[in-house]
Every structure is written in structure tokens, then in C-alpha cells.
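One structure follows; several queries about it will come next.
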Amino acid sequence: MSASPHPRLSPWTEALFPAWDALNRDPLVAQWLGGAMDSERSRATFARVAAGVADKGWGIWAVLDETGEAVGAAGLHDLDGAFGLEGVEAMWRLRTGAVGRGLVSGVMPSIFADGFARLPLDEILAFTARSNVRSQAVMQRLGLTRDEGRDFDHPDLALDHPLRPHVMYCLARPQEGQDQ
């Protein structure tokens, strides 16, 4: 791949599985997900993510940096009742070394625009652990607003787990003629 000054999105292909697997084992990522994934779980999630984009045309994409290397994942995910939530979630993960380079800010506006163009959504959701202030700062820079009334405790984590409290952010569908 040729170098590009901006991050790009790519569907997940089998050739990119090692990057997906490494992302799910990265300590920077794992600290916010309750631990690293083993290879079996990483393979299963990879299959779902790759199939989602292939089948629907939207989902979670590989984030390629300026050299064309897959350094993360970003996209939209149908919550379908997960955590007691309905709607579509914006998500991103970047491996160590890719954080703080503007990659998420570079790809998410086009993901939001595509999501609102394709799907009958009033809003796109994003959430993270309350202690993940870095991710919350990204959400704010992307124009999402905090909805404290929808904050929740992650049901898969123990009552005393430090990542259990989660905060909710929302991005409303832009009005006709309004930029995102």
C-alpha cells in the first residue's frame, strides 16, 4: 500500500487478522476491556466483525495509518440489547503507539456520516468506563454530548470492578443541511 497523509479505513481481511489479534492483546486496549483476549476469542470476534462489514456494508473497520499499517479498529456496532441497550454504538480501539495521533478524529466523522446516511438513526451512542477520560475527551472532540441520565453500570463486571461505572455520550442526527 502506498503511504497517505491521512488514516484510512479497510474491511477486515484474513491478512489483517494478526493486527486484530495484536490489538486485542495490547495492554493499552486490554486495560479498558477487562483484560486481553485469548486467540480463540479474538478469532471469533474477528469473524463477526469481518462478516458484519461484508454482509451489511457497515460495521467495524480496520484503521490504517499513513503507511498503510493496520493500527486499530473503528466503526459502528449494533448493540442489539447488549448491556440492556438498544441502538448503534460508535467504537474505536488503537494499539499502543497509535494513540494521540489524530487517527480516530480522522476516521470517525466519515463513519458517522455514513451511518446516518445508511441507517434510520436518530442518534449514535458511545460509551466508556467513567475512568477513561482520554476516550471521553475524544468523544467530546467528535461532537458527542454527555447524557448523564443514561450512564450505566457494565453488567458483565463485578460490583466492585473499577471499570463497572460507564458514561454515555450521544451524537444526534444532523438536521438537514447541518454539518456533523
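Summing -39500 (n - 2.57) over the DSSP H runs of n ≥ 4 in the chain and dividing by its residue number, what mean residue ellipticity at 222 nm do you reach, to the nearest 500 deg cm²/dmol?
Per the formula, -9500 deg cm²/dmol.
Please list the equivalent ellipsoid semi-axes of the range 127-180, computed as the square roots of five times the alpha-carbon gyration tensor eigenvalues, in descending order and whole angstrom.
Rounded to whole Å, the semi-axes are 27, 12, 7.
Within the chain, which DSSP H helices have Cα atoms that stretch 24 Å or more along the helix axis and a mean Kyte-Doolittle hydropathy of at least -0.5?
39-56
Taking other Cβ within 10 Å of each residue's Cβ, how do M139, M37, M91 sort, fewest first?
Lowest count first: M91, M37, M139.
At 0.36 nm per residue, minus the direct Cα-Cα distance, what do A172 and A30 gain on full extension? Give it in nm, one decimal, please.
Working it through step by step, the gained length comes to 48.2 nm.
Find out how many positive minus negative residues lie around W32, taking Lys and Arg as positive, Asp and Glu as negative, among other residues whose Cβ is under 15 Å from that of W32.
Local net charge: +3.
Another one. Of A117, A98, A30, which is the most mobile in a GNM of the chain whose springs link Cα atoms less than 10 angstrom apart?
Of A117, A98, A30, the Gaussian network model singles out A117 as fluctuating most.
What does the C-alpha gyration tensor say about the overall shape of the range 1-51? Classify as rounded when a/c is under 1.5, otherwise prolate if a/b is larger than b/c, or oblate.
Oblate, because a/c is 1.5 or more while a/b does not exceed b/c.
Shifting gears a bit: So how much slack lies between R41 and R141, counting 0.36 nm per residue of separation and subtracting their Cα-Cα distance, in nm?
So the chain would gain 32.8 nm between R41 and R141.
Once the convex hull of the alpha carbons of the range 8-172 is built, what does its volume come to per residue, in cubic angstrom?
Once divided by residue count, the hull of the range 8-172 is 113 Å³.
I've got another one for you. In percent, what relative contact order does the chain have, based on Cα pairs under 8 Å that are 6 or more apart in sequence?
19 percent
The numbers here are math on the coordinates, done by the rules we state, and not lab data. The model shown is predicted, which means the values in this text are computed figures rather than measured ones. Reconstructed Cβ throughout: ideal geometry from the backbone, glycine too, with neighbour counts over all protein chains shown.
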